[in-house]
Amino acid sequence: MTDLAIDVHGLNKSFGDKHVVKDFALQVRRGEIYGFLGPNGSGKTTSIRMLCGLLRPDSGSGTCLGHDVIRQTGAIKREVGYMTQRFSLWEDLTIRENLEFVARMYGMKDRRAAVGHALAELGLAERRDQLAGTLSGGWKQRLALAACMLHRPRLLLLDEPTAGVDPQARRDFWEEIHALAATGISVLVATHYMDEAERCHRLAYIADGRLLAKGTPDEVLHLFHLSTWAVSGTPAQLSALAAKLKHVPEICHVTAFGNTLHVMGEEDAALERAIAPFRDEPGIDWRRADPTLEDVFLHLMQGAPDNLQ
Amino acid sequence: MTFQAFSWSRWVGIMSKEFIQLKRDRLTFGMIIGIPVLQLILFGYAINADPKRLPTAVLAADSSQYSRTLLAAMQNSGYWRITQRVSSEAEAEELLAHGEAQFVVSIPENFGRKLVRGEKPVLLIEADASDPSATGNAIAALAQIASGALARELKGSLGDLAGAEPPFELRVHRRYNPEGVTAYNIVPGLLGTILTMTMILMTGLAMTRERERGTFENLLATPALPIEVMTGKIVPYILIGLIQVTLIFGFALTLFEVPMRGNAPLLYAVVLLFIAANLTLGITFSSIARNQLQAMQMTFFFFLPSILLSGFMFPFRGMPEWAQWLGSLLPLTHFLVLVRGIMLKGNGLDELWPQIWPIAVFMLVVISIGLGFYKRTLD
Ligand SMILES: Nc1ncnc2c1ncn2[C@@H]1O[C@H](COP(=O)(O)OP(=O)(O)O)[C@@H](O)[C@H]1O
Ligand SMILES: [Mg+2]
């Protein structure tokens, strides 16, 4: 068995005449946490579904945990834990019933112990007889995560697992993910959060069905020679300034971050010339800054508008 | 495709999940018990009704005292209410056709004289039997009432004619429904239609519900096999079917006094087969349908011919050949014959076999279609 948990090439998927995923190729190593980013409707869910045998690629090939993604979907399903983007456990079953059902589907021998352990681990023990449908969003998320890890999969495919979850729960979640990765489990996680992207070993960025960038967070940061300035001042000044800067052709992006503006351009010298007229405004402070992942993704996305689902 | 063996543990898991969900679904549960009870009570009235004072027209060509006695006795029995006297066959025909009269009693010329001479005159009763339960009792009582009344009359003057045999020939024409479907047909029919309806509908919704709620994605992501999911989901409904059947039989035997001449375990075995056939159809519908509405439409699409062509609504032998051919593909057609055969005629397995195998074949064909349609992916 190779070192790669996921190794696929040239996967394509169309719905009707809509080409949703184009030449998708991805290599995820064992024990690696791989972040999967991209705007809504860019094809993340569709790609993940192709990896775990829920959708049949129109073309392409590859393996997941060494099993062929087209012919050996049964074997893949047994060893992969997939957490759907939308909560898809049974709302009219209790927490425990849901977990027991999932355990049965995977033919687990030590079902009772595994369910009890999962309940305790996730702090769901005292709520075990509550109907899943009555749980709040964060708890549903936890339950879904517990369910997809119940059968001790070797690969986790998590589709926006922390959407709508509070910061503390997100922190706990990421700690858990890192602990799992340390034991050799591979994780592919779709997310919109930049701080989460930074916690991944590797990232892939998809827009409009096409992978635009892949690499470690550091590599992605330096994909372009972006030069960035951070501008600080009063909110009124900044919003007036942002409105003016948007029309300057040398500037690719103006993004507001709380009390600072990030102004970004592709050519350092040109950018410096372009902002020169604005630098003398009193009360406004211009400073060079490092580009963030968000800056890079915004830049990548320019050519690919957000497809609404 | 990698080979994967059927797992009983997974199958039990799917089954118990379905049980739990069913238990929590009050509305469905109410429907399951409510539909048969409601239908039975509605139809029960039709079965049980002993309609009296039915409008009757008299076409009398004889005015002897015997005719008068006969008509008086009919009137007194309470079944018939003589509403008018007509003078021609055409007039009588029209009254029947318009439903103004339920019966036409025709007394031939010289009825009294022939009676006295022992020539057995013909007493003709035409009944609008389009609703057989309305006329059944009256007709059944007629011979008794008529010969009783005439016997008393004859004993007075001509005692020697009052034998065991009625002194006239009673001729009954059941109009509009020559086969004269009786009340007993309704219980097997009801049993069959209720099972067809609820079994197909319940299971039809079972799979589409998963798809609509998004839980199908989770189910698909597990290694569960289509055959495990499909058959596992069926089991709880078999139990429900049996509950319904027991309810209906209970009512039929106690309240409506339908006879039970055959073997009860055999009857249940036949019912089980029929339930299984309908469930496989339901689960197949739900693998084909995209949502619950479509599953519902398919159910009704199947339900209509089942009612119309099975012999429940119209006498099977009275239908044109193509309709009989179509009807013989439907499980309900065979089921009706089976239940009637067991309950009313006391048939055994030998006599029933020709109706059993078509249901079994139907089931096998349907489940293989269903497995073919079961979506292993979300495509
Ligand atoms: N089953 C489907 N049928 C038709 N179009 C679909 C289906 N699933 C997804 N799409 C379309 O494919 C595109 C990508 O969707 P998705 O993979 O869900 O994106 P993401 O997860 O990145 O938000 C969207 O435009 C969506 O509308
Ligand atoms: Mg998505």
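Only Lys, Arg, Asp and Glu carry charge here, each on its Cβ (+1 for the first two, -1 for the last two); on that basis segment A:196-309 has a dipole of about 140 debye about its Cα centre. Helix A:235-245 axis versus longest C-alpha principal axis of chain A: approximately 80°, rounded to the nearest ten. Between residue B:212 and residue A:269, the simple spin-label model (points 7 angstrom out along Cα→Cβ) gives 6.6 nm. Helix B:183-213 and the longest principal axis of the Cα set of chain B meet at an angle near 20°. Across all C-alpha atoms in the protein assembly as shown, the radius of gyration and Dmax reach 39.3, 139 Å. Calculated mean residue ellipticity at 222 nm for chain A: -9500 deg cm²/dmol, from DSSP H runs with n ≥ 4 weighted as -39500 (n - 2.57), summed, divided by the residue count and rounded to 500.
Subtracting the Cα-Cα distance of residue B:297 and residue B:100 from 0.36 nm times their residue separation leaves 67.0 nm of extension gain.
DSSP beta bridges confined to chain A are antiparallel in about 65 percent of cases. Tell me, how many Å apart are the Cα centres for segment B:282-322 and for segment B:207-243? Their Cα centres are 22 Å away from one another. When +1 charges are put on Lys and Arg Cβ atoms and -1 charges on Asp and Glu Cβ atoms, the dipole computed for chain B relative to its Cα centre reaches about 960 debye.
At a Förster radius of 22 Å, what calculated FRET efficiency corresponds to the Cβ-Cβ distance of residue A:134 and residue A:192, to the nearest 0.05? E between residue A:134 and residue A:192, to the nearest 0.05, is 0.25. Rounded to the nearest 20, the Cβ-based charge dipole of segment B:182-378 about its Cα centre (Lys and Arg +1, Asp and Glu -1) stands at 240 debye. Measuring max minus min along each principal axis, the C-alpha atoms of segment A:1-146 give extents of 47, 34, 25 Å (largest first).
Note on segment A:227-290: Kirkwood radius taken over Cα pairs, Stokes-Einstein applied at 4 °C and 1.567 mPa s, translational D equal to 113 µm² s⁻¹. Among B:306, A:59, B:286, the order by Cβ neighbours within 10 angstrom, fewest to most, reads A:59, B:306, B:286.
Relative contact order, whole percent, for chain B stands at 17, derived from Cα pairs under 8 Å and 6 or more residues apart.
Place a point 7 Å from the Cα of residue B:124 along the Cα-to-Cβ direction; which residues of segment B:82-110 have their backbone N under 12 Å from it? Answer for segment B:82-110: B:88-93, B:104-109. The residue among B:75, B:271, B:307 whose Cα reaches farthest toward the positive pole of the charge dipole of the protein assembly as shown, with charges on the beta-carbon of Lys, Arg, Asp and Glu, is B:75. Here the extension length gained between residue A:218 and residue A:257 equals 11.9 nm, from 0.36 nm per residue of separation less the Cα-Cα distance. Here the convex hull built on the C-alpha positions of chain A has a volume of 153 cubic angstrom per residue.
Scanning residues 5 or more positions from residue A:212 or on other chains, those with amide H under 5 Å from its amide H are A:205, A:206, A:207, with H placed 1.01 Å from N in the peptide plane.
At residue B:308 and residue A:18, where each label point lies 7 Å from the Cα along Cα→Cβ, what is the point-to-point distance in nanometres? Inter-label distance under the simple model: 3.9 nm. When both segment B:72-131 and segment B:332-367 are represented by their alpha-carbon centers, they are found 41 Å apart. If R0 equals 22 Å, the separation of the Cβ atoms of residue B:227 and residue B:360 corresponds to a calculated FRET efficiency of about 0.75. If you wrap segment B:194-341 in the convex hull of its Cα atoms and look at it from every side, the mean projected area works out to 10.0 nm².
Farthest toward the positive end of the dipole of the protein assembly as shown, out of B:57, B:200, B:229, is the Cα of B:57, where the dipole comes from beta carbon charges about the Cα centre.
Helix A:111-121 axis versus longest C-alpha principal axis of chain A: approximately 30°, rounded to the nearest ten. When the P(r) of chain B is calculated, the portion above 28 Å amounts to 57% of the C-alpha pairs.
Rule-based calculations on the coordinates, nothing more; no lab input. Owing to the predicted nature of the structure, the values given are computational and were not obtained by experimental measurement. Please note: Cβ atoms are built from the backbone with ideal geometry, for glycine as well, and neighbour counts cover all protein chains shown.
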